[in-house]
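Have a look at the structure below before the remarks.
Laboratory data are not the source of any read-out in this text; all were calculated from the coordinates shown. Just so it is clear, the model here is predicted, and its values are computed rather than measured. Cβ coordinates were reconstructed from backbone atoms using ideal geometry, including for glycine residues, and neighbour counts include every protein chain displayed.
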């Protein structure tokens, strides 16, 4: 009797394309994280415990540097024009939230002036950006 | 004469570890992107047409922020931790308490945010911001 020889199969997971997939994902994450880095973002935010998450896509960014320099959606603007710019945005989308990124060292008078302009421009909600600080 | 045969070598770039490196970088970018969540203290601003509300003096709890960033509650100087404890007690004792934050214009924004943070943590629902006298 002829005994049939068993054919051995070596199971292999094809991993040749793994590097391509990884590189693709890598390039995607690299490019999106580069987009998130903001120009002139030399703002050191104050710490707070009660902070809630800011939804960046629904917010208008107003930042104030330590010397009181104001930026509207990352473009430098004079302090006096913030109200007009905000009013223009609200005319198109009334429900927008204004996110204020002010430096921890900025004198409050500058922040108060910006807040007054937000109020005049009928901003319904403002969120004061902070860094997370563990509860004490 | 014996002519030596040329050995043809196949030049190759070793690519075995590329996927490992790529995954390592991928995990790094993923983790840093997840950490990049922005947070903030949310304030509902008064509407433009709102009539300024009259608040009874008995409902007012006044927090003062001095130009040097020092805090005081109803005239008593406190640290930021002490402020929260004292505020929580005051807010719990006064029904419908309205916290009034009186900030010196020269006070650093950090001090204002700390005071606001403590007010939020104390459970106060209504807030009044006021800029103090002096330039």
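For the protein assembly as shown, taking Cα atoms only, Rg and Dmax work out to 29.1, 116 Å respectively.
Placing a label point 7 Å from the Cα of residue B:32 along the Cα-to-Cβ direction, the residues of segment A:1-32 whose backbone N falls under 15 Å of that point are A:26-32.
Each listed q (0.16, 0.28 Å⁻¹) maps to a log10 I(q)/I(0) for segment B:66-135 from the Debye sum over equal C-alpha point scatterers, namely -0.49, -1.43.
Which distance in nm do the two modelled labels at residue A:119 and residue B:79 give, with both placed 7 Å along the Cα-to-Cβ direction? Result for the modelled spin labels: 3.3 nm. For segment B:1-107, the calculated P(r), taken from all Cα-Cα distances in 10 Å bins from zero up to the bin holding the longest distance, is 10, 20, 19, 11, 10, 9, 7, 5, 4, 4, 2, 0 percent. Against the main long axis of the alpha-carbon atoms of chain B, helix B:80-93 sits at an angle near 50°.
Normalised by 2.2 N^0.38 Å, where N counts its residues, the alpha-carbon radius of gyration of segment A:47-132 equals 1.02.
Taking chain A as the reference, fit the longest principal axis to its C-alpha atoms, fit the long axis of helix A:18-36 to the helix C-alpha atoms, and give the angle between the two in degrees, 0 to 90, nearest 10. Helix A:18-36 sits at roughly 0 degrees to that axis.
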